[in-house]
Amino acid sequence: MTHASETFDVAIIGFGPSGATLAHLLGISGLRVLVLERDGAAYHFPRAVHFDDEVMRVFQTVGLGDSLSADIRVNLGMRFVDSEGRMLLDWSRPQEIGRHGWHASYRFHQPTLERLLNEGIARHPDVDVRRRCEAFLIDDRGDHAVLRYEDMATGKIVEVRAGHVVGCDGARSLVRRFIGTEMEDLGFHERWLVVDALLKTPRPDLGDHSIQYCDPQHPVTYARQPGDRRRWEIRLRPEDDERTVTAPDRIWSRLARWITPADAELERVATYTFHSLVAKQWRRGRLWIAGDSAHQTPPFMGQGMCAGIRDVANLAWKLALAVRGQADEALLDSYQSERQPNVRDYITTAVRLGGLINASDPEAALRLAQPSGDGGSRMESPVSRLGPGLGSGPHRGQIFGQPRLNDGRLMDDAIGYAPVLVADAALLSGLDAEPGVAVVTTDDAQGVAADLADLGVRAVLLRPDRYILATATDLAGLKAMLATL
């Protein structure tokens, strides 16, 4: 046994999108981080296929905004049709740049994202990524945690110390088992066949919208992906044998309505059981879980990976404060209290959409939407909002937009992963001392005045994850708000 000769501020188990994003954010925060990943290389097949503007804003924060933009597709949205092709629900996405400084919705190729996250981690010399290393024991000793893992390349057993251990290690999370939590079951469990195909020739007739075919006998999802990539997800019946449904002839038979082997080649075929689960406890002492380790969602809203990225954006700055001795238990516990209700809302909405797709309860699913005037219904994208936690006032827990500054930069590029005060310049002039935090005023960006007016306030204090901590309408309120820092 090798004794714990190395000490890290945070150890992360799992280097998928959530774990890698957390590693970037902690690296930006100046922490010493160990990442353990069982696989020897990034997974080379697509899995997640969608993220939204809030998640793109996190990728911007870790320095991937420009490089990722070259390889993603702005998403037109999703149309839900019945077995006769009649429109049930139109979930079109806005095509203009939105309040976060990005488009509302994107389609992407996960191996490209993981490659960029992998390459970018070299910018953080205090982040140590060790592949082919599998953790098997975690011991929380009160003032630190001890972590043991096997280096599978050599068979060596290694022991390290960490201030905190975060499990981004998926549905079968080791860290979740050491926390000892149960999962809340929200009632959705279905087997689906996922087929990724590469077109050999252009097929504009397939359409640029994604389509949910809401047929109780044969529910299917078609997803338009970047470039020549297309995806079909097909619900399996109870009698379908997973040993045979992935045979090429069976696959092509299922896809015959859309494509043939002359049109495309199969890139990946897999079967999944989609679940709706939320862990009851996301933290115990120095152990934490995020992403699929903490929750699993049906794919119908495209929010599985998004939820994990939101988790780590919420958690990273709180861990940084904890490492510096600036976090009390209320701040640490706010991770679950803020994130769990939000992710639960997304999952229950996805379950209701699943009811529409399967046509088992279409009326309940359609209550999510408004009549469109063309015989169907129209759905607006939900807005992320935190559960009970930090801050005060009616706007606490809302995410704030990202104005473009007069010098052309987006606000987050100018500020970085840090708190920021957004304020009316005239109000700020009444302070008798520096605010003690980065500032963006109505003089710095044309959009700031409108954003403040929409909230009915004159100043907003934002956390590093850009959620509102507090607001002020006058000088006294501004001074009281800044005192919380």
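Values quoted throughout were computed directly from the atomic coordinates according to the rules given, and no laboratory measurement underlies them. These figures come from a predicted structure and were not determined experimentally. When we count neighbours, we look across all protein chains shown, and the Cβ atoms used for this are built from the backbone with ideal geometry, even at glycine.
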Mean projection of the alpha-carbon convex hull of the stretch 96-188 over all orientations, in nm²?
-> 10.5 nm²
The relative contact order of the stretch 411-483, taking Cα pairs under 8 Å that sit 6 or more residues apart, comes to a percentage of 33 percent
Quick one: order Cys214, Cys168 by neighbouring beta-carbon count within 10 Å, fewest to most.
-> Cys214, Cys168
Positive dipole terminus of the chain, leading residue within Gly30, Leu469, Ser276 (C-beta point charges) = Ser276
Please go through the stretch 131-237 and write out the trypsin sites (Lys or Arg not before Pro) that DSSP classes as loop and that have at most 10 other C-beta atoms within 10 Å.
-> Arg141, Arg172
Report the extension gain between Ala330 and Thr246 in nm, rounded to one decimal, defined as 0.36 nm multiplied by the number of residues separating them, less their alpha carbon distance.
-> 25.3 nm
Please identify the GluC sites (Glu not before Pro) of the stretch 171-278 that satisfy two criteria: DSSP loop assignment and at most 16 other Cβ atoms within 10 Å. Which are they?
-> Glu182, Glu239, Glu242
Any aspartates and glutamates whose Cα falls less than 12 Å from that of Lys479, other than same-chain ones fewer than 8 residues away, would be Asp432, Glu434
Magnitude of the charge dipole, the stretch 377-485, Cβ model with Lys/Arg +1 and Asp/Glu -1, debye to 20 | 420 debye
Of Val160, Gly227, Ile251, whose Cα points farthest to the positive end of the dipole of the chain (charges on the beta-carbon: +1 Lys, Arg; -1 Asp, Glu; origin at the Cα centre)?
-> Ile251
Nearest 20 debye, what's the magnitude of the dipole of the chain about its Cα centre given +1 on Lys and Arg Cβ and -1 on Asp and Glu Cβ?
-> 580 debye
One-quarter of the Cα convex hull surface for the stretch 411-483, in nm²?
-> 4.4 nm²
For the chain, percent of DSSP beta bridges that are antiparallel (nearest 5) comes out at 70 percent
Using alpha carbons only, what's the Rg to Rh ratio of the stretch 1-65 with Rh from Kirkwood?
-> 1.04
How large is the dipole of the stretch 263-322 about the Cα centre if only Lys and Arg carry +1 and Asp and Glu carry -1, each at its Cβ, rounded to the nearest 20 debye?
-> 680 debye
Leu266 versus Arg115, label points 7 Å from Cα toward the beta carbon: distance in nm?
-> 2.5 nm
Those aspartates and glutamates that a straight Cα-Cα span of less than 17 Å connects to Lys156, excepting residues fewer than 8 apart in one chain | Glu6, Glu37, Asp39, Glu134
With the dipole of the stretch 1-121 worked out from charges on the C-beta (+1 for Lys and Arg, -1 for Asp and Glu) around the Cα centre, which of Asn118, Gln95, Phe108 lies farthest toward the positive end?
-> Gln95
On average over all directions, what projected area in square nanometres does the stretch 232-340 have, based on the convex hull of its Cα atoms?
-> 9.7 nm²
Percent relative contact order for the chain, counting Cα pairs under 8 Å at least six residues apart, stands at 16 percent
